[in-house]
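The values are calculated or read from the model by the stated rules, or taken from the named source; none is laboratory data. No experiment lies behind these values; they were computed from the predicted model shown. Positions of Cβ are backbone-derived with ideal geometry, glycine not excepted, and every protein chain shown enters the neighbour counts.
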Amino acid sequence: MTDFSALGHAFSVHFSIALLITSVIAYFISFVSDKYVIKYQSRLIARWMLWFGAAVALISVVFGLYAYSSVAHDDMSHHLLNQHRNIALFGVLLVIILTLWSLVLFKDDKEEKAGFILVHLIASAALLYVTWSGTLLVYQYGVGVSHLPDSQSHNHRTYKKLTNGKDFFSIIEDLISR
């Protein structure tokens, strides 16, 4: 189940981050636009992206909390793993608050104002930091990686050996001929 939780977490996190960043960009466009059509359509897109992003973020939290307790990690990665979890929970809490806030505004047929967009920017910054720390956990510490290849078993010729004073087209020809 560990592999499934790590895979589910990775998939859902990337999906929710994309939706939530699209939402904040669309809200910003609706806030600064003078044209009614752009303002209206951007706000419509932003709301849908926020609502879907919040739903997928909740799924990410479930997978992430399970992965947190089941994925093997060492002492060096433990601190970053805790920080990743804590800031993610803070960011998702902000996203839930934003979602409820936007639903109330939608129900009352009101526009989101600067304060709403500011909170959305803070939530997005927190989630981008969480994305960065998650990337470090996987690619720097190897958390959740089940097998690392033996990099000594296969070597490509280095770029310097490959070029040896050749022009661009000769290099491309050489690469294609392999």
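Can you give me the number of residues within the range 77-110 that are surrounded by 13 or more Cβ atoms within 10 Å (Cβ to Cβ) and among the acidic types (Asp, Glu)? Spell out the reasoning first.
Filtering the range 77-110 for residues surrounded by 13 or more Cβ atoms within 10 Å (Cβ to Cβ) gives 77, 80-81, 83-85, 87-99, 101-103, 105-106.
Subset that is among the acidic types (Asp, Glu): none.
Residues flagged as surrounded by 13 or more Cβ atoms within 10 Å (Cβ to Cβ) and among the acidic types (Asp, Glu) within the range 77-110 amount to 0.
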The one condition in (1) assigned to a helix (DSSP H, G or I); (2) under 20 Å from Trp132 (Cβ atoms) that Ile59 fails to fulfil: (2)
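Give Ala18, Ala72 a once-over and let me know the one that is closer than 28 Å to Gln140 by Cβ, touching a residue at least 60 places away in the same chain (Cβ under 8 Å) and of a type in the set (A, V, I, L, M, F, W, C).
Values: Ala18 fails: touching a residue at least 60 places away in the same chain (Cβ under 8 Å).
Of the residues listed, the single one that is closer than 28 Å to Gln140 by Cβ, touching a residue at least 60 places away in the same chain (Cβ under 8 Å) and of a type in the set (A, V, I, L, M, F, W, C) is Ala72.
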Of Leu118, Leu105, Leu162, the only residue that is at pLDDT 85 or above and in contact with a helix residue (DSSP H, G or I) (Cβ under 8 Å, 6 or more places away or on another chain) is Leu105
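So which of Gly144, Gly134, Gly91, Gly53 is closer than 19 Å to His14 by Cβ and at pLDDT below 85? Working first, answer last.
Working: Gly134 fails: at pLDDT below 85; Gly91 fails: at pLDDT below 85; Gly53 fails: at pLDDT below 85.
None of the other options fit; the residue is Gly144.
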Of the residues that sit in the range 62-76 and are out of contact with any Ser or Thr (no Cβ under 7 Å at 6 or more places or on another chain), assigned to a helix (DSSP H, G or I) and not small (Gly, Ala, Ser), which one is surrounded by the fewest Cβ atoms within 10 Å (Cβ to Cβ)? Asp75
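Condition check: of a type in the set (A, V, I, L, M), within 17 Å of Ala26 (Cα to Cα), in contact (Cβ under 8 Å) with a residue 60 or more places away in the chain and part of a helix (DSSP H, G or I). Does Ile122 satisfy that?
Details: of a type in the set (A, V, I, L, M): yes; within 17 Å of Ala26 (Cα to Cα): yes; in contact (Cβ under 8 Å) with a residue 60 or more places away in the chain: no; part of a helix (DSSP H, G or I): yes.
So Ile122 fails the test.
Criterion first (touching a residue at least 12 places away in the same chain (Cβ under 8 Å) and of a type in the set (A, V, I, L, M)) does Val62 satisfy it?
Details: touching a residue at least 12 places away in the same chain (Cβ under 8 Å): no; of a type in the set (A, V, I, L, M): yes.
No; evaluated as a whole, the condition is false for this residue.
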